[in-house]
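**Q** Shown below is the structure under consideration.
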């Protein structure tokens with residue numbers, strides 16, 4: 001599953017970044033790396049970016065980029 005498929009209000013753990021090297025470096029500098037928990041806060045309409053909580057910070061990520069971040073969703077009860 002990829003990050004763009006996670007509904008708002010749900011969390012997930014990143015398992016892989018399937019992006020080019022230069023983009024990978026930028027995303028890891030923003031805190032997106034394997035094993036990190038992210039929470040989707042909201043989705044902009046019409047295919048706009050996702051608002052995410054990563055660690056203690058907030059981040060907006062294009063849907064195309066979010067589609068290349070592989071994740072495992074957290075359990076609804078967990």
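**Q** I'd like the FRET efficiency for residue 15 and residue 46, computed as 1/(1 + (r/R0)^6) with the beta carbon distance as r and R0 of 22 Å, rounded to 0.05.
**A** Numbers: r = 28 Å, r/R0 = 1.28.
The value I calculate is 0.20.
**Q** Determine by what factor the alpha-carbon radius of gyration of the chain differs from 2.2 N^0.38 Å, reporting the quotient.
**A** Values: Rg = 11.3 Å, N = 78, 2.2 N^0.38 = 11.5 Å.
Cα-based Rg divided by the globular estimate yields 0.99.
**Q** Under 10 Å, Cα contacts only: if you run a Gaussian network model on the chain, which one of 16, 44, 66 comes out with the highest mean-square fluctuation?
**A** Fluctuation is largest for 44.
**Q** Quick check on segment 3-45: what does the Kirkwood estimate of hydrodynamic radius come out to from the alpha carbon pairs, in Å? Working shown, then result.
**A** Working: mean 1/r = 0.0892 Å⁻¹.
When all Cα pairs of segment 3-45 are included, the Kirkwood radius is 11.2 Å.
**Q** Order these by the 10 Å Cβ neighbour count, fewest first: 5, 39. Spell out each step's value before the answer.
**A** Working: 5 13, 39 16.
If I rank by nearby Cβ atoms, fewest first, I get 5, 39.
Here, each number is a calculation from the coordinates, and none is a lab measurement. Everything numeric here is computed off the predicted structure, so don't read it as measured data. Glycine also receives a Cβ, built like all others from the backbone with ideal geometry; neighbour counts cover every protein chain displayed.
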